[in-house]
Amino acid sequence: MLRFLLLAVLLMVVARLFWRFVDGLIAGARGSAPQGRSATAVKLVRDPVCGTYVPARAALSVTAGGTTHYFCSEECRREFSSRQ
């Protein structure tokens, strides 16, 4: 009896994972977020020193000449400042 119960739970978990996978494939083909999940865009900015793209909210920044520059690390920010 316990084996049957464990097998039933395992089948339910596998079926749910399979459905979420198929739902993601369908949503991806449509270009939208899967059901129950919202897609939020994150603005990425390019580090002028190393070229890495980083989220603007998480990046370090320096304003020089009226333009804000974003950096992935303190090293890149220091290198940029030393060039100026």
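Read the figures in this text as sums done on the coordinates, not as results from a lab. From a predicted model like this one, the values you see are computed outputs, not experimental measurements. Positions of Cβ are backbone-derived with ideal geometry, glycine not excepted, and every protein chain shown enters the neighbour counts.
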Original post:
Quick one: helix 2-30 against the long Cα principal axis of the chain, what's the angle to the nearest 10°, folded into 0 to 90?
Top reply: 50
Subject >> Structure-derived mean projected area of the Cα convex hull in nm² - corresponding label in (i) 5.1; (ii) 6.5; (iii) 9.6 >> reply: (iii)
**OP:** If a/c stays under 1.5 just call it rounded; otherwise compare a/b with b/c (prolate if a/b is bigger, oblate if not). Do that for region 44-83, with a ≥ b ≥ c from the square roots of the Cα gyration tensor eigenvalues.
**Re:** oblate
Original post:
Of 28, 69, 54, which is farthest on the positive side of the dipole of the chain, counting Cα position, with +1 on Lys and Arg Cβ, -1 on Asp and Glu Cβ, and the Cα centre as origin?
Top reply: 28
**OP:** Treat the count of other C-beta atoms within 10 Å as a stand-in for reagent exposure and order 80, 21 from fewest to most.
**Re:** 21, 80
**OP:** Could you pull out the trypsin sites (Lys or Arg not before Pro) across the chain that fall in loop regions by DSSP (anything but H, G, I, E, B) with no more than 16 other Cβ atoms inside 10 Å?
**Re:** 37, 43, 57
**OP:** Please give the calculated 222 nm ellipticity per residue for the chain, where each DSSP H segment of at least 4 residues contributes -39500 (n - 2.57) and the sum is spread over every residue; nearest 500 deg cm²/dmol?
**Re:** -16000 deg cm²/dmol
